[in-house]
Amino acid sequence: MKKILIISLIFLCNLFALEINQSTVKNANTVLLDIKKKNISDVKLTFHKQNINFFKNPFKENTYYALLPISYYQQKKDYRVIVSYIENGKKIFEGKNLKVIDGNYKSEVINVPKTKFKPNPARVKRTKEEYAQAMKVYNSVSKDILWNEDFIYPLNTKITSDFGTKRVYNGELKSYHSGTDFRAKIGTPILASNSGIVKISQDRFYAGGSIVIDHGQGVYSCYYHLSKMNYKVGDFIKKGTILGLSGDTGRVTGPHLHFSFRIHGIQVDPLNAISLLNQLKRQ
Ligand SMILES: [Zn+2]
């Protein structure tokens, strides 16, 4: 009897330690998890095939947080998020239910002449290399958080294309819109959404003039089709400074800013990511 009571007490204590900000999540959105507990270590979670470490929330005492990015292509169903940590030399497990639901993203049909898809070996090689280089950046996790103020939009103009729109080329679902497009005529100043270290600053085939900022702890913001880049790889950039000028470089139909986010290597809705990250200081 006594044993049962102790076990249920431990269970109750743990029940209040782990918080998840939502029990359902749209594909390509992010979930925020919090654990408020003293003297624990090695806090991590497992979701589907992902293993993600928690970090100390620098804005709150004895609190750890994790950002769980959900892939656009994640199957829509019920999942269990398993969190573990070490407390008094013992490994403790806690679980939470999480249902992935359809983001109901719009569809857009694009009819391109077949000849445009003719493979060009030099281009294939270039885009493959650029992709591999970018993924290497996105999959590396800097230990420290590099910002301490809220994330902002890189400019305040009309959104001309939402994140997530399905792209149907010649009747086939080929891809989805991986960022949010802001109206920006060539030469419009683009601001760093938050502080961090520049990890990509170069002209790329699809993205054109690109800047990618590492904000630490697995979070990256990306700014594409720029006509000018003011920072180079390794530079520290402060929130709100002009990282470059908008343009129409890369594979585009007209000038605009394509703004996107990667969290732990996964492409997520940037505006949803910003609102979640800005909760870190508030909860
Ligand atoms: Zn775009």
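Points worth noting:
- For segment 192-258 versus segment 86-107, the spacing of their alpha-carbon centroids is 31 Å.
- Kirkwood-type hydrodynamic radius, segment 2-101: 14.3 Å, calculated from all non-identical alpha-carbon pairs.
- Virtual spin-label span in nm between residue 242 and residue 44, 7 Å along Cα→Cβ: 4.5 nm
- Only Cα sites of segment 107-277 enter the Debye sum here, all with the same form factor; the resulting log10 I(q)/I(0) across q = 0.11, 0.15, 0.16 1/Å is -0.44, -0.83, -0.95, listed in q order.
- Accessible carbon and sulfur surface of segment 2-101 relative to its total accessible area, %, 1.4 Å: 55 percent
- Cβ-based charge dipole, the chain, positive-most Cα from 51, 164, 233: 51
- Every helix of 4 or more DSSP H residues in the chain counts as -39500 (n - 2.57), and over all residues that averages to -5000 deg cm²/dmol at 222 nm.
- In range of the label at residue 133: residues from segment 217-238 whose backbone nitrogen is under 18 Å from the point 7 Å along Cα→Cβ: 221-235
- Here's the picture: charge each Lys and Arg Cβ at +1 and each Asp and Glu Cβ at -1 in segment 50-136, and of 64, 131, 85 the one pushed furthest to the positive end of that dipole is 131.
- Over 23 Å between alpha carbons, listed pairs 36/239; 36/96; 56/96; 36/136; 77/106: 36/239; 36/136
- The long axis of helix 2-17 is offset from the longest Cα principal axis of the chain by roughly 30 degrees.
- Of all aspartates and glutamates in the structure, the ones whose alpha carbon falls short of 14 Å from that of residue 91, not counting any fewer than 8 places away in one chain, are 42.
The values are calculated or read from the model by the stated rules, or taken from the named source; none is laboratory data. Every value quoted in this text rests on a predicted model; they were computed, and no experiment measured them. We place every Cβ from the backbone using ideal geometry, glycine too, and count neighbours over all the protein chains shown. Each accessible area value is taken on the protein alone, full model and side chains, heavy atoms only, with ligands, DNA and RNA left out. Shrake-Rupley method; radii C 1.70, N 1.55, O 1.52, S 1.80 Å.
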